[in-house]
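Colleague: Here's a structure for you.
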Amino acid sequence: MKKKIPVRENGSAVTQIVLMAAILVFVIMPVFSAVIEKYILMEKARIIRDSVDMTNISAYNALSGTELGKVRVDAERSDILEIYRQMLSVNLRLNDDLEPKPDSVAEGRVEVLSLEICSSGFPVQCPEGVTIMRPTVHSSIRVPVRPSLYRSIILKMLGREYVDIIVHADTEIPVNN
Amino acid sequence: MPVKPLMTGIMLVFVVFLLVYMVEFFIPLSVKADIDMICRSALLNMENDGGLSSEKRRELKAELESRGLTGVVITATENAKQGERLTLRVEGNYTYSRVTSLFGRGDVTLRIVYDKTTMSRKVVN
């Protein structure tokens, strides 16, 4: 004969509240926090990518009209890099040394990882491995951003302050200048 | 008194409030992305045309207003030669309704700013 196990039907209301609060604090809020954190970082990356895209084309347009007409770039790499840095500073609200201004999306010193103008010998591969078929300005930058919500606490525990967003943009140059 | 169902109800209302409150965080982010896309398109046209004409400015303003932006102020370079800087700055207010208390909603106004610079591609002989 089976022994009937007594089932407690009326659980404690206090236990239920504690359980729901725990689910809220340890499940719902962290999951939502992670989602919104990811979304905010993606938005920041989009804003940075837009700026890099504009900067790429600006760096190219800043070169002389003759070079543009031939889709051939003979300018010194340092000149192009200087123009690029200037335009990047304007678009990302940075100082001349690429340190951020107070209203910048960046929260640490921005680093230009690579800048190339691919104008001949197609198809070529950019430093990130993307195949380029048309005249293109390639650039890649590292932008430190500070996360908010839970992630910043986790980062602080790991002894870090920023998340590095690496933005890579290959901007095609219009040939019919 | 049935304490347990009452507490469950209160907790559920609170959870729903919290979820709605959190989901509404995405509204301004989404609007900012839309506004940025419109402005970016205008700036690319400016790069090609060497500036923002009065007609294009009116079109841009109308498009931004159709997305819910009010008090739109557009500051843009009107004419630039090849290699000169072109700047587009758009400012406006976006008002939307969001949860402000447990059983209340209210209008919140956000200032949205787009400010980017590029170089003119238009070659003037």
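Colleague: Mean-square fluctuation check for chain B, GNM, Cα pairs under 10 Å: which of B:87, B:75, B:100 is largest?
Modeller: In this elastic network of chain B, the residue with the biggest mean-square fluctuation among B:87, B:75, B:100 is B:100.
Colleague: Moving to a separate point now. Which residue, B:23, B:31, B:73, tops the fluctuation ranking in a GNM of chain B built on C-alpha contacts under 10 Å?
Modeller: Answer for the Gaussian network model of chain B: B:23.
Colleague: Using only the alpha-carbon atoms, how far is helix B:54-66 inclined from the longest principal axis of chain B? Give it as 0 to 90 degrees, nearest 10.
Modeller: The helix B:54-66 is inclined about 10 degrees to chain B.
Colleague: Could you grab the relative contact order for chain B? Cα pairs under 8 Å, six or more apart, rounded to a whole percent.
Modeller: 26 percent
Colleague: Exceeding 24 Å between C-alpha atoms, which entries from my cross-link table qualify? They are A:101/B:56; B:32/B:61; B:61/B:116; A:44/A:101; B:56/B:116; A:38/A:156.
Modeller: Where the Cα-Cα span goes over 24 Å, the pairs concerned are A:101/B:56.
Colleague: I would also like to ask the following. Given Cβ point charges of +1 (Lys, Arg) and -1 (Asp, Glu) and nothing else, what value in debye, to the nearest 20, does the dipole of the protein assembly as shown about its Cα centre take?
Modeller: Charge dipole of the protein assembly as shown: 1600 debye, to the nearest 20.
Colleague: What ³J(HN,Hα) values, in whole Hz, does the Karplus curve 6.51 cos²θ - 1.76 cosθ + 1.60 give for the range A:79-89 when θ = phi - 60°, with x put for Gly and Pro?
Modeller: Each residue's phi maps through the Karplus curve to give 5, 4, 4, 5, 4, 4, 5, 4, 5, 5, 4 Hz.
Colleague: Let me ask something else. Would you mind checking which residues have amide H under 5 Å from residue A:132's amide H? H placed 1.01 Å from N; only 5 or more apart, or other chain.
Modeller: A:124, A:125, A:126
Colleague: Moving on to the next point. Per residue of the range A:106-112, in order, report the coupling 6.51 cos²θ - 1.76 cosθ + 1.60 (Karplus, θ = phi - 60°) as ³J(HN,Hα) in whole Hz, putting x for Gly and Pro.
Modeller: 7, 10, x, 5, 7, 10, 8
Colleague: Measure nothing fancy, just the Cα-based angle from helix B:26-49's long axis to the longest principal axis of chain B, in degrees from 0 to 90, nearest 10.
Modeller: Compared with the principal axis, the helix lies near 10 degrees.
Colleague: Counting Lys and Arg as +1 and Asp and Glu as -1, what is the net charge of the other residues whose Cβ lies under 12 Å from the Cβ of residue A:111? Mind showing how you got there, number by number?
Modeller: Details: positive: A:85, A:109, A:142; negative: A:97, A:99, A:164.
Taking every Cβ under 12 Å from that of residue A:111, the sum is 0.
Any read-out appearing in this document is the output of simple, stated calculations on the displayed coordinates, not a laboratory observation. All values derive from a computational prediction rather than experimental measurement. As a convention, Cβ positions derive from the backbone with ideal geometry for all residues, glycine included, and neighbour counts pool all protein chains shown.
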